[in-house]
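Coordinate-derived values only; no laboratory data. The structure displayed is predicted, hence computed values, not measured ones. Backbone-built Cβ (ideal geometry, glycine too); neighbour counts: all protein chains shown.
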């Protein structure tokens, strides 16, 4: 697995979701790797784009938790109020 990937969710069918930090842009992106039976395709998403599609799914919640973990490691505020403002839930 390439350096800088953090797996934050996996499904029972073998799909996996990773958070990657792009050192050039200093931004995080979401990578979805489909299971081998489905072809193993890799899809990259911006965080807002991913949450817009999967925010109410278990992997959306797992992403929010992973982002809170990263913020706490970086010494940034982690209150629920801040996380909802930065990463709104899908309506």
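Quick notes
- Remark: spin-label model distance residue 22-residue 7 equals 2.5 nm, labels positioned 7 Å along the Cα→Cβ axis.
- Pairwise label distance in nanometres, residue 15 with residue 37, each label 7 Å out on the Cα-Cβ vector: 1.4
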